[in-house]
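Contents: one structure, followed by commentary.
The values are calculated or read from the model by the stated rules, or taken from the named source; none is laboratory data. None of these values were measured; they are calculated from a predicted model. Reconstructed Cβ throughout: ideal geometry from the backbone, glycine too, with neighbour counts over all protein chains shown. When the accessible area is computed, the model is the full protein with side chains, heavy atoms only, and any ligands, DNA or RNA have been set aside. Shrake-Rupley method; radii C 1.70, N 1.55, O 1.52, S 1.80 Å.
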Amino acid sequence: MKVSHIEHLGIAVKSLETAIPYWEKMLGSKCYNIEEVPEQKVKTAFFKVGQTKIELLESTSPEGSIGKFIEKRGEGVHHVAFAVDGLEENLAECADNGIQLIDKAPRGGAEGLSIAFLHPKSTGGVLTELCEDKNKK
Ligand code: ZN
């Protein structure tokens with residue numbers, strides 16, 4: 001694997017409206033982007049912490065993965081996202097190493113990134129997202 005840095009931490013929240021003011025105070029920076037990702041049934045809000053971001057995730061449907069997560073486990077850290085070079089190659093390498101993939105091929109995520117999730121069963125219980133910013137190249 002070629003991980004360059006932690007791209008973002010995904011945090012499940014019940015309400016962006018409530019969570020955003022807390023995080024703005026906590027981080028001392030303004031939320032710079034709010035974006036809905038309908039395929040994932042979430043609304044996201046982003047903050048910058050150095051080159052890493054905090055991604056708040058509010059469910060737009062109880063059927064979505066964030067809705068289910070909050071119902072089961074409550075609010076809190078949901079996933080960690082690593083920035084990689086060559087998402088396809090890294091996914092293939094994970095599969096070769098017996099890591100279960102949730103996404104067998106990259107798909108579109110928030111902020112124009114290509115993303116894919118690895119199954120927490122294979123990653124020590126940590127829901128892991130790999131992402132690549134193809135616009136940077
Ligand atoms: Zn994410």
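Given a 1.4 Å probe and the protein chains as shown, Y22 ends up with an accessible area of around 120 Å².
Keeping all protein chains in place, calculate the accessible area per residue for the chain (probe 1.4 angstrom), answer in Å². Before the final figure, lay out the partial values.
Numbers: 7650 Å² over 137 residues.
Here the residues of the chain average 56 Å² of exposed surface.
Only protein heavy atoms count here; on that basis, with a 1.4 Å probe, C31 has an accessible area of about 30 Å². Past 24 Å, Cα to Cα, is the threshold; run K14/K48; K48/K136; K43/K68; K2/K43; K68/K104 against it and keep the listed order. Listed pairs above 24 Å: K2/K43. Placing a pseudo-label 7 Å from each Cα along the Cα-to-Cβ vector at A95 and Y32 gives an inter-label distance of 3.4 nm. Taking all protein chains together and rolling a 1.4 Å probe, E7 ends up with roughly 20 Å² accessible. For the chain, with all protein chains in place and a probe radius of 1.4 Å, 53% of the accessible heavy-atom surface sits on carbon or sulfur.
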